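Have a look at this one.
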């Protein structure tokens, strides 16, 4: 049995054709994932701005409804005030016509009560009108903010479309490279690779790391768990794949230079 410590220096890191091709496939997957993430990032930015626009629109709609309600309240108070002023006019006429001290006192009490109520109505009306003005000011600010956000949405959407169009050719070329690479991999091995990709967000392979420079102790770089020496020997001596028993990533010793070309 050959251990890593016993291997000649010129053979360090040599992998079989299957692992070489898997490494090439992993490199292609990384590039594809990076390009797709860039596109998705731009799209997320657009959606985030669209959500901000939607919130401002909801706030503006709620504020517009509040303005209508405050204005309606103001109009109602104004009508009530006018009705009471008309009543005061009629009370004053009745006061001038009365000949009884008792009736005079009763009408005068009503007159004073109506005047006090009118003063309250005027205060409430001013408060409602002030609220309307305040709401309209806020509404104007929201509309200005909405215009800015809508402009940003259009800008970000344009950037996202340009990014997607710019990367379309690169994605197509990488997809072709991926197809060529997968054609060279046995279906069972490819199935293992793709399952590991799904489990670890595209990172199907993990390099072996030596824990101590003077001892043949190695761990999986993906999960940092110990790897038996027989697994390491199998990787360097046979053209098949070995998986980490803990995280299921496909293990390798050194990445071949050709895989990254």
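The values are calculated or read from the model by the stated rules, or taken from the named source; none is laboratory data. Remember, predicted model here, so these are calculated numbers, not experimental data. Cβ placement follows ideal geometry from the backbone for every residue including glycine, while neighbour counts extend to all protein chains displayed.
Hey, does the range 243-254 have a residue that's part of a helix (DSSP H, G or I), within 30 Å of residue 41 (Cβ to Cβ), modelled with pLDDT under 95 and under 39 Å from the mean Cα position of the chain (by Cα)?
no
I'd like the full set of residues that are part of a helix (DSSP H, G or I) and either within 60 Å of the chain's Cα centre (by Cα) or loosely packed, with under 13 Cβ neighbours inside 10 Å (or both), limited to the range 93-112.
93, 96, 97, 101, 102, 105, 109, 112 - these are the residues of the range 93-112 that are part of a helix (DSSP H, G or I) and either within 60 Å of the chain's Cα centre (by Cα) or loosely packed, with under 13 Cβ neighbours inside 10 Å (or both).
Of the residues 192, 132, which single one is over 30 Å from residue 44 (Cα atoms), in contact with a strand residue (DSSP E or B) (Cβ under 9 Å, 6 or more places away or on another chain) and surrounded by 12 or more Cβ atoms within 10 Å (Cβ to Cβ)?
192
For the range 139-149, check the following and say yes or no: at least one residue is under 44 Å from the mean Cα position of the chain (by Cα), under 21 Å from residue 74 (Cβ atoms) and part of a helix (DSSP H, G or I).
yes
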